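Worksheet for the structure shown next.
The values are calculated or read from the model by the stated rules, or taken from the named source; none is laboratory data. Just so you know, these numbers come straight off a predicted model, no measurement behind them. Ideal geometry is used to build each Cβ from the backbone, glycine not excepted, and the neighbour counts take in all protein chains shown.
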Amino acid sequence: MAKKKATKMAKKAPKKAAKPPAPKVASAADAIHQLDAEFMKAASAKNAGSVVKAFYAPDAVLMPPGHPIVEGRASIQSFLQGLIDSGLTSIKLDTTTIASAGDLAYGRGRYALAISPPSGAPVQDEGKYVVVYRRQAGGAWRAVADIFNSDKAAQ
């Protein structure tokens, strides 16, 4: 009878806690779509600082049409604030192609934006863009090169 009690006791030993599942690492595509959403939200809120902080790496470059290259977060923020101050009312990004290898990725897509200047006629623009992303030290993806251009003919 003593043996039966020992066996029962062994069966009731506490089970080891299961390891929690490892956190899911977002794919480059998921991260880029999230960055697009953050960009649009911050731009709609007219907050160039939030756009830059959420979207661009510290060493990023922006290559807008008809304008010299814009280098670094501070300069990009100044450029975007100028765009916002000119009457930006909306911007929509639609990244349609994403590819990645290692710590680099790119997104290609289309944009639509609307500007209602304080004085002047409203402007609607549509165009395309390519953004190169690099995974940062903490694992987040940020834009390092951003170029866009209008589908409209140059004036």
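Before moving on, here are some points about what is shown:
- Some residue of the range 18-29 being in contact with a helix residue (DSSP H, G or I) (Cβ under 7 Å, 6 or more places away or on another chain), at pLDDT 95 or above and surrounded by 14 or more Cβ atoms within 10 Å (Cβ to Cβ): no
- Only one of Ala74, Ala121, Ala37, Ala54 that is modelled with pLDDT under 95, among the hydrophobic types (A, V, I, L, M, F, W, C), more than 19 Å from Lys152 (Cα to Cα) and surrounded by fewer than 19 Cβ atoms within 10 Å (Cβ to Cβ): Ala54
- Ile91 vs. criteria assigned to a strand (DSSP E or B), modelled with pLDDT of 95 or more and under 18 Å from the mean Cα position of the chain (by Cα): yes
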